[in-house]
Amino acid sequence: MKKWKQWLSGLMACVLLCTLTAVPCRAVSVKFRDVPAGHWAASYITQAAEIGLVRGQTADTFGLGRPMTRAAFTVILCRLFGWEMLRPEKGSFTDVQDPALWYYSAVETACSNGAVTRQTSTFRPNAPITREEMAVMLIRALGYSSVAGLDQGLSCPFQDVDSNKGYLTMAYYLGISGGTSASTFSPDQTATREQAVSMLMRVYRCWHERAPERIGIAGSFDLSSVSGCTAVALSSARLLPNNTVAPITASDEEIQTFREKLKASNARVLLQVSGNQSSLQQLNAADSAKAIAAEAVGYDGILLDIEKLDSSVKTSYTALVRKLRSLMGTEKLLYLVAEAPLSGSAAGGYDYAALSALADRLILRTAPYDKEVNGFPAVPQEPLEEVYYAFASLKNQVDPSKCSLWLSTTGLTWTGDRPSGSTMAPQIHSALENPAADVYYSARYADAYLILMEKAAGKNVRTVIWYHNNQAVSARVRLCAFFGVDSVCLSNLASVADYPDYSITEALSGSVLPSA
């Protein structure tokens, strides 16, 4: 009898391993008689079963209302993320030591990928999983532990949450898990199978979103990187403090040729009008709007980028945008760039709700960090924790389908002990090709950086470049998807990396994202 049980356990483990490599692509029709068509989780359950993420407790029953065990949830978690399955000789937990157990490999794999931690010596595989445990495991599996561990000042809507508050708050803002009421999460409540599947499927649907829409800023007439852009803004004009617009020095013929080439690539051509706080001094909204609209004749619309505004001009800037929208009507596009809200900072000069309502696109630009940590420059652009804070703080204030994330295509460089400006993609690629370069990836900021030591004037000089590689771009696109944001704005189309091991283009195409 003992040998029979061992043989059966081994067979179950082999079958399980064959199904944990990835969520199958080919869907099959599945219908459970215990899941009413009108049930709130019906669509989640049906899709999860059709793609092979979960199975029923019998051939035609799902087990609605039944508890989900910690072992079963971990097995499904591994299927969801398609992790390479591990089977070490010795288990990480005292109660999961037999490699023949059907969940042994899944527990070890989840542990290796950070979804499960070794805070206690036992895993409790057969215990029902709680709502809190599910949410924490998912946030960890997504690689968001560093972000969840920060106190960013985001309010938690649940009054019954004490432990793992950052994780449950993040699960709420990402839309992975709601509460059991408007003010309660019920963290210790046993999770039912349908609750578990709904959480998992919300992650699945965001991770399998289509490639994001691309908008681009053309600071020059270089057309090498406009492929795939739905709209391109030509940096052509600047708003002045006297309610006039100064055009760039390029000839009308050059601009017209550029516009024609862009239209041939099926991209909408926008006029980028830039400015800053001083541009709004003594603002007459009507006069400035007329000047901008007049300069935009021949374009498909305007991309207005008035940067770094403070609260003193919030009302006047909104009035300018409202006048501009009125003049342009609905036939032309109005894209706005706004500095994203930052954690620990006071509100700036952008009325996000009003601007979102007026614009066709609201592009949120997150300021890069600029600090030294123990003498090392930490200057990531669009730090993941700030991208999360920006969209979380604007949740229910702006229409996410109108939002876009500003994505830097250049790098930030420090030479010696001081910043030395931005670096274009070809120069970053050249540095990466240097055998002396050490390349790293910061999980905290979800950004890449390289360190290069070179001789200069007889001294060893350290160069540090922070830049977005494939992984960094993918991390930002995935995070945006959780908030319903499916658009990015490339900061400089003359610096879009497209190299075998360093390709923003590849990351944006979806080729490094999970495929359905």
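The values are calculated or read from the model by the stated rules, or taken from the named source; none is laboratory data. Quick caveat: nothing in here was measured; it's all calculated off a predicted structure. Quick reminder, even Gly has a Cβ in these numbers, built from the backbone with ideal geometry, and neighbours come from all protein chains shown. Calculation scope for accessible area: heavy atoms of the full protein, side chains included, ligands and nucleic acids excluded. Shrake-Rupley method; radii C 1.70, N 1.55, O 1.52, S 1.80 Å.
Amide H neighbours of Arg268 under 5 Å, counting only residues 5+ apart in sequence or on other chains, H built in-plane at 1.01 Å?
The list, which skips near neighbours in sequence, is Ala231, Val232.
For a protection proxy built on the mean count of beta-carbon atoms within 10 angstrom, sort 472-480, 449-457 highest first, please.
Taking the mean over residues of other Cβ atoms within 10 Å, the ranking is 472-480, 449-457.
Suppose R0 equals 22 Å. What FRET efficiency, 1/(1 + (r/R0)^6) with r the Cβ-Cβ distance, do Val373 and Asn460 give to the nearest 0.05?
Once rounded, the FRET efficiency stands at 0.60.
Hey, how many Å between the Cα centroid of segment 96-138 and the Cα centroid of segment 235-288?
When both Cα centres are located, 56 Å separates them.
Distance check, please: which entries in Lys308/Lys371; Lys290/Lys395; Lys371/Lys402; Lys290/Lys314; Lys314/Lys395 exceed 22 angstrom between their Cα atoms?
Among Lys308/Lys371; Lys290/Lys395; Lys371/Lys402; Lys290/Lys314; Lys314/Lys395, the Cα-Cα distance tops 22 Å for Lys290/Lys395; Lys371/Lys402.
PRE reach from Ser509 (point 7 Å along Cα→Cβ): which of segment 457-485 fall under 20 Å by backbone N?
468-478
If you roll a 1.4 Å probe over the heavy atoms of the protein chains, what accessible area per residue do you get for the chain, in Å²?
44
Could you give the dipole magnitude of the chain about its Cα centre, charging the beta-carbon of Lys and Arg +1 and that of Asp and Glu -1, in debye to the nearest 20?
Charge dipole of the chain: 1320 debye, to the nearest 20.
Count neighbours as other Cβ atoms within 10 Å of each site's Cβ, and list the trypsin sites (Lys or Arg not before Pro) in segment 115-181 that are DSSP loop with at most 16 such neighbours.
For trypsin sites (Lys or Arg not before Pro) across segment 115-181 that sit outside H, G, I, E and B with at most 16 neighbouring Cβ atoms in 10 Å, the list reads Arg118.
Once you sort the root eigenvalues of the Cα gyration tensor of segment 384-516 as a ≥ b ≥ c, which label holds: rounded (a/c under 1.5), prolate (a/b larger than b/c) or oblate (the other case)?
prolate
Roughly how many nanometres apart are two label points built 7 Å out from the Cα toward the Cβ at Val439 and Arg418?
For the pair Val439/Arg418, the computed spacing is 3.1 nm.
What percentage of the solvent-accessible surface of segment 66-193, computed with a 1.4 Å probe over protein heavy atoms, is contributed by carbon and sulfur atoms?
46
Between Gln427 and Ala37, how high is the FRET efficiency from 1/(1 + (r/R0)^6) when r is the Cβ-Cβ distance and R₀ = 51 Å? Nearest 0.05.
It comes out at approximately 0.30.
Let me spell out the model: positive unit charges on the Cβ of Lys and Arg, negative unit charges on the Cβ of Asp and Glu, origin at the Cα centre of segment 329-415. What dipole size does that give, in debye rounded to 20?
140
Roughly speaking, what is the centre-to-centre gap between segment 182-207 and segment 462-513 when only Cα atoms are used, to the nearest Å?
Distance between centres, Cα-based: 30 Å.
Of all accessible surface on segment 457-516 at a 1.4 Å probe, what whole percent is carbon and sulfur?
Carbon and sulfur: 46 percent of the exposed surface of segment 457-516.
Sorted by accessible area (1.4 Å probe), largest first, how do His468, His429 line up?
His429, His468
If I stretch the segment between Gln282 and Asp399 completely, what's the gain in nm (0.36 nm per residue apart, minus their alpha carbon distance), one decimal?
39.0 nm
In terms of Cα to Cα distance under 18 Å, which aspartates and glutamates are near enough to Lys263, apart from those fewer than 8 places away along the same chain?
The reachable aspartates and glutamates, counting only those whose Cα sits under 18 Å from Lys263, are Glu213, Asp222, Asp252, Glu253, Glu254, Asp300, Glu331.
I'd like the Karplus ³J(HN,Hα) series for segment 47-63: coefficients 6.51, -1.76, 1.60, θ = phi - 60°, whole numbers in Hz, and an x wherever there's a Gly or Pro.
Values, residue by residue: 5, 4, 6, 5, 8, x, 6, 10, 10, x, 6, 9, 4, 10, 10, 8, x Hz.
Arrange the peptides 212-218, 495-501 so that the one whose residues have, on average, the most other Cβ atoms within 10 Å appears first.
The most tightly packed comes first, giving 212-218, 495-501.
Between Glu260 and Ala211, what's the calculated FRET efficiency when r is the beta-carbon distance and R0 is 22 Å? Round to 0.05.
0.25
Taking the DSSP beta bridges in segment 328-398 as the whole, what percent of them are antiparallel, to the nearest 5?
Antiparallel bridges: around 40 percent, rounded to the nearest 5.
Quick check: residue separation of Arg124 and Thr61 times 0.36 nm, minus the Cα distance between them. What number comes out in nm?
Net length gain for the segment: 20.1 nm.
Can you compute 3J(HN,Hα) from phi for each residue in segment 207-219, using the Karplus curve 6.51 cos²θ - 1.76 cosθ + 1.60 with θ = phi - 60°, rounded to whole Hz and x for Gly and Pro?
Once rounded to whole Hz, the list reads 6, 10, 5, 5, 4, x, 5, 10, 10, x, 9, 9, x.
Enumerate the aspartates and glutamates that Lys455 could reach by cross-link, defined here as Cα to Cα under 17 Å, with residues fewer than 8 away along the same chain left out.
Of all the aspartates and glutamates, those that pass the test against Lys455 - Cα under 17 Å, at least 8 places apart if same chain - are Asp417, Asp438.
Quick one: what are the phi-derived ³J(HN,Hα) couplings along segment 169-174, Karplus 6.51/-1.76/1.60 with θ = phi - 60°, whole Hz, x for glycine and proline?
5, 5, 4, 5, 5, 6
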